[in-house]
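Written below as structure tokens is the structure these notes are about.
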């Protein structure tokens, strides 16, 4: 028998799953706790399965609930996209574009793109998430992100994501001005230094690990910074070493405290892609945002 599911039940379930408690979901959605509880109980009866385990501090998903959450969140995301697509095609404006960007893109191309987009479509809300691809896969799968501009390394994600090459960027080893190793000319001289870099999973930084491995070296990465600003600030105010895009190093504000090393060994160039799910079409506004990124990446 097919369950007779209602949209308000799905929304209640997804809100509670994301917030981890009925109380928090109530504050977010503006619905009363009894109303949310009733919707979830109705949904569990329709499905014939328990979706949450109730605990003193909130709720956690069961195995069945966790699997259903992935489907339910994607259904709601697809419905939002479909509704906004119709509104935008009718010239009604509004809606929302959700994008992800790598750290160097956030500090260089992204401000120009967003500024132009907002001038042309001031009623469209924009949500921006900064980080590496690995931190955005969950939201891409759920449809919570329309696309991301990022680097990536070949992985199992190739089967579910689509990659469009956008641009190449040069990266260099950076230290603070006055660093004891400011005159270093080889990676070997830096091997014993303290490094800070993002996790290498599925990104440009995977190539850097491979580069060190080829030379029989292993940089001493003692701090893993998942955000660009944390990494840049740490390098600028300490003796940590990292690798950043030349766009950032040349920035009149961010690059003021940094020095790029002139090493004998060239680093691999980073290739940035527009990455989205294969089975989801962009709304007109998301599509236009992507087109702006193409335009500015080619400059």
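The values are calculated or read from the model by the stated rules, or taken from the named source; none is laboratory data. Keep in mind that this is a model prediction, so the values were computed, not measured. When we count neighbours, we look across all protein chains shown, and the Cβ atoms used for this are built from the backbone with ideal geometry, even at glycine.
Evaluation of residue 192 against the conditions (1) in a loop (DSSP other than H, G, I, E, B); (2) touching a residue at least 24 places away in the same chain (Cβ under 8 Å); (3) closer than 30 Å to residue 287 by Cβ; (4) over 16 Å from the mean Cα position of the chain (by Cα) shows that the sole unmet condition is (3). In segment 218-262, which residues are under 23 Å from the mean Cα position of the chain (by Cα) and in a loop (DSSP other than H, G, I, E, B)? Across segment 218-262, the qualifying residues are 225, 226, 227, 251.
In segment 124-140, is there at least one residue being at pLDDT below 90 and either closer than 12 Å to residue 273 by Cβ or in the same structural domain as residue 69 (by TED's automatic domain parsing) (or both)? Yes, segment 124-140 contains a residue that is at pLDDT below 90 and either closer than 12 Å to residue 273 by Cβ or in the same structural domain as residue 69 (by TED's automatic domain parsing) (or both). For segment 236-258, what are the residues that are out of contact with any helix residue (DSSP H, G or I) (no Cβ under 8 Å at 6 or more places or on another chain) and under 26 Å from residue 167 (Cα atoms)? Listed by number, the residues that qualify are 246, 250, 252, 253, 256. Just so you know, in segment 82-100 the residues that are assigned to a helix (DSSP H, G or I) and surrounded by 19 or more Cβ atoms within 10 Å (Cβ to Cβ) include one that is modelled with the highest pLDDT, and it is 84.
Among the residues of segment 9-35, write down those that are more than 16 Å from residue 73 (Cβ to Cβ) and either under 23 Å from the mean Cα position of the chain (by Cα) or part of a helix (DSSP H, G or I) (or both). Of everything in segment 9-35, those that are more than 16 Å from residue 73 (Cβ to Cβ) and either under 23 Å from the mean Cα position of the chain (by Cα) or part of a helix (DSSP H, G or I) (or both) turn out to be 22, 23, 24, 26, 27, 33, 34, 35. Got at least one residue in segment 156-174 being farther than 26 Å from residue 274 by Cα and modelled with pLDDT of 85 or more? Yes, segment 156-174 has at least one match. Scanning segment 277-287 for residues that are touching a helix residue (DSSP H, G or I) at 6+ places or on another chain (Cβ under 7 Å), closer than 17 Å to residue 74 by Cβ and crowded, with 23+ Cβ neighbours inside 10 Å yields a count of 1.
Within segment 116-123, one or more residues are over 22 Å from residue 7 (Cβ atoms), surrounded by 15 or more Cβ atoms within 10 Å (Cβ to Cβ) and modelled with pLDDT under 90. Residues of segment 202-217 that are part of a loop (DSSP other than H, G, I, E, B) and surrounded by 15 or more Cβ atoms within 10 Å (Cβ to Cβ): 202, 203. Scanning segment 51-63 for residues that are exposed (fewer than 15 other Cβ atoms within 10 Å of the Cβ), out of contact with any strand residue (DSSP E or B) (no Cβ under 8 Å at 6 or more places or on another chain) and not in a loop (DSSP other than H, G, I, E, B) yields a count of 3. Taking the criterion of being more than 24 Å from the chain's Cα centre (by Cα) and crowded, with 16+ Cβ neighbours inside 10 Å, the only residue of segment 64-81 that qualifies is 65. Looking across segment 165-189, the residues that are in contact with a strand residue (DSSP E or B) (Cβ under 9 Å, 6 or more places away or on another chain), more than 13 Å from residue 269 (Cα to Cα) and assigned to a loop (DSSP other than H, G, I, E, B) come down to 177, 178, 179, 181, 182, 184.
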